[in-house]
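Here's the structure, in structure tokens; my notes come after.
Throughout, read-outs are computed from the coordinates displayed, never taken from laboratory work. Fair warning: this is a prediction, and the values are worked out from it, not measured in the lab. When we count neighbours, we look across all protein chains shown, and the Cβ atoms used for this are built from the backbone with ideal geometry, even at glycine.
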């Protein structure tokens, strides 16, 4: 694994470009988000997707979403109601994963049994830039240990995933709270996981 430490204020563009190049070549990377470290690849690379599934199956997690640079092309990847779009526009970029009906463009391996997908637009310059430069969304899943606990120490992540991942961008210790997950696939929003984002907007009073 290539391992690069990012400057906290002005992350080095050459390292970000290296991550983009790895993704374009079908690689798997670990990167910082506005919540925890994520592990991911280009959603349209079948071989890389298989690697991600293999890595994550070993640690008993099934929650996959994908990261978009912004909401501009969101209709390519999900069916978005007016309410869902207004909600996402208000809260994103931010620490949320929104569950929406999947569009045909998205590989079926990323669909849930209910034919939905999870959408993330993190409020983090590095991963937004990577997704924008790649031109495709990036599969995303939290970096966890074999017990499913989030790993916050980048050097512990490096040690645990050194032989499984091609490149890691380190931004130091990140908080151990993953994104809030909100299902917007039906008329009534449902909070699936209360995490870093404020979900009071979706809770019935």
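Table for the structure above
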read-out: Fewest-first ranking of 170, 159, using other Cβ atoms within 10 Å as the exposure measure; value: 159, 170
read-out: Gyration tensor verdict on the range 1-88 (Cα atoms; rounded if a/c is under 1.5, prolate if a/b is larger than b/c, oblate otherwise); value: oblate
read-out: Nearest 10 degrees, 0 to 90: helix 82-91 Cα axis against the chain principal axis; value: 40
read-out: Between 0 and 90°, nearest 10: helix 13-24 axis offset from the chain longest Cα axis; value: 70
read-out: Semi-axis lengths (Å, descending) of the ellipsoid that matches the C-alpha gyration tensor of the chain; value: 26, 18, 17
read-out: Globularity index of the range 52-155, i.e. its alpha-carbon radius of gyration over 2.2 N^0.38 Å; value: 1.09
read-out: Helix-only CD estimate at 222 nm, as mean residue ellipticity for the chain, using -39500 (n - 2.57) per DSSP H run (n ≥ 4); value: -7500 deg cm²/dmol
read-out: Label-point gap, in nm, between residue 17 and residue 3 - each point 7 angstrom along Cα→Cβ; value: 2.5
read-out: Sorted by Cβ neighbour density within 10 Å, fewest at the top, the residues 43, 16; value: 16, 43
read-out: Virtual spin-label span in nm between residue 173 and residue 44, 7 Å along Cα→Cβ; value: 4.0
read-out: Potential extension, residue 113-residue 158 segment - 0.36 nm per residue separation minus Cα distance; value: 12.9 nm
read-out: Burial ordering of 7, 136, fewest other beta-carbon atoms within 10 Å first; value: 7, 136
read-out: For the chain: relative contact order, % (alpha-carbon pairs under 8 angstrom, 6 or more apart); value: 32
read-out: Two-site FRET efficiency, residue 104 against residue 25, from Cβ-Cβ distance with R₀ of 25 Å, rounded to 0.05; value: 0.45
read-out: Calculated FRET value between residue 133 and residue 90, using beta carbons and R₀ = 35 Å, to 0.05; value: 0.85
read-out: Cα-based helix-to-principal-axis angle, 125-134 vs the chain, degrees rounded to 10; value: 90
read-out: Euclidean distance of C-alpha centroids, the range 1-36 and the range 177-205, integer Å; value: 29
read-out: The chain: antiparallel DSSP beta bridges as a percent of all, rounded to 5; value: 60
read-out: Pairwise FRET efficiency - residue 200 versus residue 147, Cβ, R0 = 41 Å, nearest 0.05; value: 0.85
read-out: Choice from 79, 89, 56 showing the highest fluctuation, given a GNM over the chain with Cα pairs closer than 10 Å; value: 89
